[in-house]
1. In the range 27-55, what count of residues is obtained for those that are assigned to a loop (DSSP other than H, G, I, E, B), modelled with pLDDT under 90 and open to solvent by less than 70 Å² (accessible area, probe 1.4 Å)?
2. Tell me yes or no: at least one residue of the range 99-117 is open to solvent by less than 30 Å² (accessible area, probe 1.4 Å), β-branched (V, I, T) and touching a Leu at 6+ places or on another chain (Cβ under 7 Å).
3. Answer yes if at least one residue in the range 97-104 is within 30 Å of T70 (Cβ to Cβ), part of a strand (DSSP E or B) and not hydrophobic (A, V, I, L, M, F, W, C), and no otherwise.
4. Quick check on T116: is it farther than 21 Å from E39 by Cβ, under 20 Å from the mean Cα position of the chain (by Cα), not in a strand (DSSP E or B) and not basic (K, R)?
5. Exactly one of these conditions fails for L151: (1) at pLDDT below 90; (2) open to solvent by 70 Å² or more (accessible area, probe 1.4 Å); (3) under 33 Å from the mean Cα position of the chain (by Cα). Give me its number.
6. Kindly indicate the residue of the range 185-199 that is of a type in the set (S, T, N, Q) and touching a Leu at 6+ places or on another chain (Cβ under 6 Å) and also most open to solvent (accessible area, probe 1.4 Å) among those meeting that condition.
7. On the basis of being open to solvent by 60 Å² or more (accessible area, probe 1.4 Å), touching a strand residue (DSSP E or B) at 6+ places or on another chain (Cβ under 8 Å), among the hydroxyl-bearing types (S, T, Y) and at pLDDT 90 or above, does S76 make the cut?
8. Assess whether S165 counts as being loosely packed, with under 10 Cβ neighbours inside 10 Å and either in contact with a His (Cβ under 9 Å, 6 or more places away or on another chain) or more than 19 Å from S183 (Cβ to Cβ) (or both).
Amino acid sequence: ISDITGEIGRFSYEFVTVPNPDLENPIVSAYPHGALFNESVQVQLLCADEDGTDDGILTPVTIHYTLDGTTPNLSSPVYSLPIEISTEGRTQVKFFAIDSNNNTSPIITENYTIDTRVPKTTATPEGGSFFDSKEIILECSDSGTTIYYTLNGLDPTTSSEVYSSPIKLEDNEKTTLKYFAVSSSGSREAIQTQNYIIEIAKNNFKPTNVFVTCPFNRNELHITWDDMHPIF
């Protein structure tokens, strides 16, 4: 710096740029979130913008987790690769993140339930020929399932009629019932088929010319009659 007399003053200044201190806690989440699955699932633990800030500076973050429902701490396993959950039943994942400035996220809990069982539906009565009207009851081995069915012989889909009450079959009907169940986890049963013939009128025949015979040297009776249709 010089003045009008030509005297010069010299000064030294040092400018140092430092990052803003990281005071925010990291934000951590799981993908996918806990839910009910019908197969094993790969769980990723993610941290938003590494340290959860928008200052453009990435602060190293470490994620600790547990799979047994206990509270994770700094001695818990460190997340590095997606966690495979394949054990039947419920697995509880708890995790948190900590950055190099010792800022920690809240502990997050996610519940994953694996249910690979395929539902099995039974029809009562099963298909056959009957001489009175019938109500067909569809029952599934697992609770919480949805049963879809058709009565026209076409394969049912998830857009077909949903079973909610017994299916009544009337006289002079030949019905092909097809059905399958879908569990709450999404497992799908193979399509089942039952054929029903309802012929009430044929039960009005009276048996005629009934014969009871005892074959020689056999401990049994044979009963026959002339009608063309079986009689109860």
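1. The first filter runs over the range 27-55 and keeps only residues assigned to a loop (DSSP other than H, G, I, E, B), leaving 32-35, 38-40, 53-55.
If we keep only those that are modelled with pLDDT under 90 too, we end up with 38-39, 53-55.
Still in the list and also open to solvent by less than 70 Å² (accessible area, probe 1.4 Å): 38, 53, 55.
Result for the range 27-55: 3.
2. To start, the set of residues in the range 99-117 that are open to solvent by less than 30 Å² (accessible area, probe 1.4 Å) comprises 99, 103, 105, 110, 112, 114-115.
From what is left, the residues that are β-branched (V, I, T) are 114.
Still in the list and also touching a Leu at 6+ places or on another chain (Cβ under 7 Å): none.
No, the conditions are met nowhere in the range 99-117.
3. Filtering the range 97-104 down to residues within 30 Å of T70 (Cβ to Cβ) leaves 97-104.
So of that shortlist, the ones also part of a strand (DSSP E or B) come out as 97-99, 104.
Keeping just the survivors that are not hydrophobic (A, V, I, L, M, F, W, C) gives 99, 104.
The answer is yes, given that some residue of the range 97-104 is within 30 Å of T70 (Cβ to Cβ), part of a strand (DSSP E or B) and not hydrophobic (A, V, I, L, M, F, W, C).
4. Details: farther than 21 Å from E39 by Cβ: no; under 20 Å from the mean Cα position of the chain (by Cα): yes; not in a strand (DSSP E or B): yes; not basic (K, R): yes.
The answer is no for T116.
5. Status for L151: all satisfied but (1).
6. Of the residues in the range 185-199, the ones of a type in the set (S, T, N, Q) are 185, 187, 192-195.
Now restrict to residues that are touching a Leu at 6+ places or on another chain (Cβ under 6 Å): 185, 194.
Details: S185: 13, Q194: 35 Å².
If we take residues in the range 185-199 being of a type in the set (S, T, N, Q) and touching a Leu at 6+ places or on another chain (Cβ under 6 Å), then Q194 is most open to solvent (accessible area, probe 1.4 Å).
7. Working: open to solvent by 60 Å² or more (accessible area, probe 1.4 Å): no; touching a strand residue (DSSP E or B) at 6+ places or on another chain (Cβ under 8 Å): yes; among the hydroxyl-bearing types (S, T, Y): yes; at pLDDT 90 or above: yes.
It is false that S76 is open to solvent by 60 Å² or more (accessible area, probe 1.4 Å), touching a strand residue (DSSP E or B) at 6+ places or on another chain (Cβ under 8 Å), among the hydroxyl-bearing types (S, T, Y) and at pLDDT 90 or above.
8. Numbers: loosely packed, with under 10 Cβ neighbours inside 10 Å: yes; either in contact with a His (Cβ under 9 Å, 6 or more places away or on another chain) or more than 19 Å from S183 (Cβ to Cβ) (or both): yes.
For S165, the condition - loosely packed, with under 10 Cβ neighbours inside 10 Å and either in contact with a His (Cβ under 9 Å, 6 or more places away or on another chain) or more than 19 Å from S183 (Cβ to Cβ) (or both) - is met.
The values are calculated or read from the model by the stated rules, or taken from the named source; none is laboratory data. Please read all numbers here as calculations on a predicted model, not as lab measurements. Note: ideal-geometry Cβ built from the backbone for every residue, glycine included; neighbour counts use all protein chains shown. For the accessible areas, the whole protein counts, side chains as well, though only heavy atoms, and no ligand, DNA or RNA atoms are used. Shrake-Rupley method; radii C 1.70, N 1.55, O 1.52, S 1.80 Å.
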